[in-house]
Structure formats: structure tokens, C-alpha cells
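Enquirer: Below are the C-alpha cells for one structure; questions will follow.
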Amino acid sequence: MPHTVTPFPNETLESYTHRLAAVNRIPERHLRTPSRWLRCPLNELDLLALLSGQPRTSLAWAIPELRRYAPGIAPPLKSLGVMTRFACRRCVWQAGGTGSVHVHVRSRYDLVCVRHGIWHSEGVAFVEQQIDLAPIPQVTRAQVLINRLEQRHGERFIAECYRVCERHWSELDRRGLVRNDATALLDRLHTTNPREHKPFGPHHRFRLASRFPQLARFIALVVALSLKLTTNMSREEAGPRILAEFERLFTLDYRPRSITGPWMRTALVHLVVRMAHEAQVLRLSETEAPTPSHSI
Ligand SMILES: [Zn+2]
């Protein structure tokens, strides 16, 4: 090939093939099966090394799908995530790349490049839609907090905690209970992105980003409470304690009554008890829990 492309760390095979084809202005299928004589003896790694001119080592390290052809160079990953996301546009630019690069997703809660303060994937349909978080650094700090929780308690526990907390927080948001703090952050993004004033549906990327700090604090709270529940908190005192801690850290936009109030309390206690059970299964202990605070 006349032009080469340097692979990006954790890039998907499809993304790399697409970029290599684009820079050489040829259809992608020509890279997969370039000719009859190449089809038979070469595996995907050898073929791509030949076509791109990149060293096998670089390709095997960067592109997880190719590692199975060179286990001596880079250990094959235990499991490849089914989800992919955009790489941070500034990371790509710093690495000398251009255009859209897709990488394997480490986890569902890997949403921000903490090095560049870029919201890189959730709700982003084109790489140009990635959000510069300079006006609201709280979002980047939220990612740092979640990364620390993961380091301390393990990916499996935090992944489950994120899944259930995100669903619960979305429901609180849908019922209009926790919008004020996120709206204040959203307003700061408005001023720097005047062309994107609307629409702001619940899954719009600006709304997802602006409520992320609240969600991270909520996850930290659930982690701390669930670990306490596994050791020195009785089930009887758990309910009032959980609700009191929640009210200490979060100010609701209005006082829920009728159906919403009991639902909120029951669902919250149920969520913490469920995560306490998960912590017991994983043998996590309370000493590992940080103390949540108001700020990130
Ligand atoms: Zn970056």
C-alpha cells in the first residue's frame, strides 16, 4: 500500500481496516481478501502487516483481535468487549492520527478522557460531537472518582453498581427529582455551544454529561453503604440510615409525596441491600469504602 496508518491502542480491527482503506482510497473488502494468492496461507495479522507495512508487534499490541495470532508478542485478552466507543479525538490527534477511531470499551462507565477532559462516547454519534468539558470540570472529576472506586473494589462490583445506580438515577431524573444541579452544569455548556441549545432529550449527550457528577457521587454513596451493611449494620437500622445518608448528600428538587415518595425510599433501600449481597459474594469489606462527600 502506498500509505500506512499507525494503529491506535485498543483499536478495533474494523476501525483500523477502515482507516487504512480510506487513506489509500480503496474499498475495505480489498484489504480483507486482496487477492487469491494471499487468501490462503496468511492469517489476519500477517496479511495486515504485509499490506500496511506496520510491524507485526505494533499491530498485535494495538489491535486486540490480532493477539490470538501472536500470543508470544502480546497476551490474548480473556474477553473482548462487545461494545466499542470513539477514542478521544485529542488522544488520536496526539498520536498522529486523524478521523474516527473506534476502540474496545473497557467498561460502560468509561465515558471521559481524564487526560484531555473530553466526553468521548455516550450519546456521541460523530466524533465532532465529543464534548470539551473545560467549562464543567466536575464531569472529569466524576470519571476520576469512578476510576478510583474501580481500582479499590474491582471491576465486577463497580460495573454492577454502575448498572443499577444509573438505572435508578435515570428514574429519579425522569420524575424531575434531581434536575437542578445537572441543569446548572448544562447551562454552562449552553454558553459554549450556542448552536446546540436543543433538543435536550434524556439521552442527549449534554444531559448525560451534566448529570454524570451526581451519578458518580450516588455510586460512591451506594458503594460505601452497601459495604457497611455487609459488616456492622443491622437490617433494621439499614433503612433509616440509608435514607438519612442520601438526604445528607443530595437535595431533592421537591419533596415527593403520594406514590413517588414511598417508591423512592423502597427502591433506594432495595438497591443498597442488593449491592451489599453482591459485596458479600465477592468478599469485599467495609474497610475498603471511602467516605462520600458533597463535592467531587
Ligand atoms: Zn484524550
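The values are calculated or read from the model by the stated rules, or taken from the named source; none is laboratory data. These numbers come from a predicted model, not from an experiment. As a convention, Cβ positions derive from the backbone with ideal geometry for all residues, glycine included, and neighbour counts pool all protein chains shown. Protein only, heavy atoms only, side chains kept; ligands, DNA and RNA dropped before computing areas. Shrake-Rupley method; radii C 1.70, N 1.55, O 1.52, S 1.80 Å.
Enquirer: Just to be sure, is residue 114 surrounded by fewer than 20 Cβ atoms within 10 Å (Cβ to Cβ) and touching a Gly at 6+ places or on another chain (Cβ under 7 Å)?
Expert: Numbers: surrounded by fewer than 20 Cβ atoms within 10 Å (Cβ to Cβ): yes; touching a Gly at 6+ places or on another chain (Cβ under 7 Å): no.
So residue 114 fails the test.
Enquirer: Looking only at residues in the range 111-144 that are among the charged types (D, E, K, R) and away from the ligand (no atom under 12 Å from the Cβ), which one is nearest to residue 5 (Cα to Cα)?
Expert: As a first pass, look at the range 111-144 and keep what is among the charged types (D, E, K, R): 115, 122, 128, 132, 141.
Still in the running and away from the ligand (no atom under 12 Å from the Cβ): 122, 128, 141.
On the way: 122: 26, 128: 21, 141: 33 Å.
Once the filter is applied, the top-ranked residue is 128.
Enquirer: Specify the residue that is most open to solvent (accessible area, probe 1.4 Å); the eligible residues are those in the range 43-63 that are of a type outside the set (A, V, I, L, M, F, W, C) and touching a helix residue (DSSP H, G or I) at 6+ places or on another chain (Cβ under 8 Å). Walk me through how you get there before you give the answer.
Expert: Taking the range 43-63 as the starting set, the residues that turn out to be of a type outside the set (A, V, I, L, M, F, W, C) are 43-44, 46, 52-58.
Now drop any that are not touching a helix residue (DSSP H, G or I) at 6+ places or on another chain (Cβ under 8 Å), which leaves 43-44, 46, 52, 54-56.
On the way: 43: 43, 44: 63, 46: 46, 52: 7, 54: 27, 55: 70, 56: 89 Å².
Selected residue: 56.
Enquirer: What number of residues within the range 80-96 are surrounded by 19 or more Cβ atoms within 10 Å (Cβ to Cβ) and without any contact (Cβ under 8 Å) to a residue 24 or more places away in the chain?
Expert: Total satisfying the criteria: 0.
Enquirer: State whether the residues of the range 136-150 include one that is aliphatic (A, V, I, L, M), open to solvent by less than 50 Å² (accessible area, probe 1.4 Å), in contact with a strand residue (DSSP E or B) (Cβ under 8 Å, 6 or more places away or on another chain) and without any contact (Cβ under 8 Å) to a residue 60 or more places away in the chain.
Expert: Taking every residue of the range 136-150 in turn, none turns out to be aliphatic (A, V, I, L, M), open to solvent by less than 50 Å² (accessible area, probe 1.4 Å), in contact with a strand residue (DSSP E or B) (Cβ under 8 Å, 6 or more places away or on another chain) and without any contact (Cβ under 8 Å) to a residue 60 or more places away in the chain.
Enquirer: I would also like to ask the following. Return the pair list, or none, for Cβ contacts closer than 6 Å from residues in the range 227-244 that are assigned to a loop (DSSP other than H, G, I, E, B) to residues that are at pLDDT 85 or above, at least 6 apart or on different chains.
Expert: These pairs meet every condition: 230/276; 230/279; 230/280.
Enquirer: Can you list residue pairs whose Cβ atoms sit under 6 Å apart, with the first residue in the range 58-79 being within 15 Å of residue 44 (Cα to Cα) and of a type in the set (Phe, Trp, Tyr) and the second being part of a loop (DSSP other than H, G, I, E, B) and open to solvent by less than 70 Å² (accessible area, probe 1.4 Å)? Count only pairs 6 or more apart in sequence or on different chains.
Expert: Final answer for the pair search is 61/74; 69/43.
Enquirer: To continue, here is another question. Being closer than 23 Å to residue 156 by Cβ and charged (D, E, K, R) is the filter here; which residues of the range 216-245 pass it?
Expert: Correct list: 217, 228.
Enquirer: Do we find a residue being away from the ligand (no atom under 15 Å from the Cβ) and touching a Gly at 6+ places or on another chain (Cβ under 9 Å) anywhere in the range 82-96? Explain how you work it out, then say what you get.
Expert: Of the range 82-96, the ones away from the ligand (no atom under 15 Å from the Cβ) are 82-84.
Pick out the ones that are also touching a Gly at 6+ places or on another chain (Cβ under 9 Å) and you get none.
No, because not a single residue in the range 82-96 is away from the ligand (no atom under 15 Å from the Cβ) and touching a Gly at 6+ places or on another chain (Cβ under 9 Å).
Enquirer: Being in the same structural domain as residue 264 (by TED's automatic domain parsing), of a type in the set (Gly, Ala, Ser), at pLDDT 95 or above and surrounded by 15 or more Cβ atoms within 10 Å (Cβ to Cβ) is true for just one of 220, 224. Which residue is that?
Expert: Values: 224 fails: at pLDDT 95 or above.
Residue meeting the stated conditions: 220.
Enquirer: Kindly indicate whether any position in the range 59-76 is within 12 Å of residue 8 (Cβ to Cβ), over 14 Å from the mean Cα position of the chain (by Cα) and within 12 Å of the ligand (Cβ to nearest atom).
Expert: no
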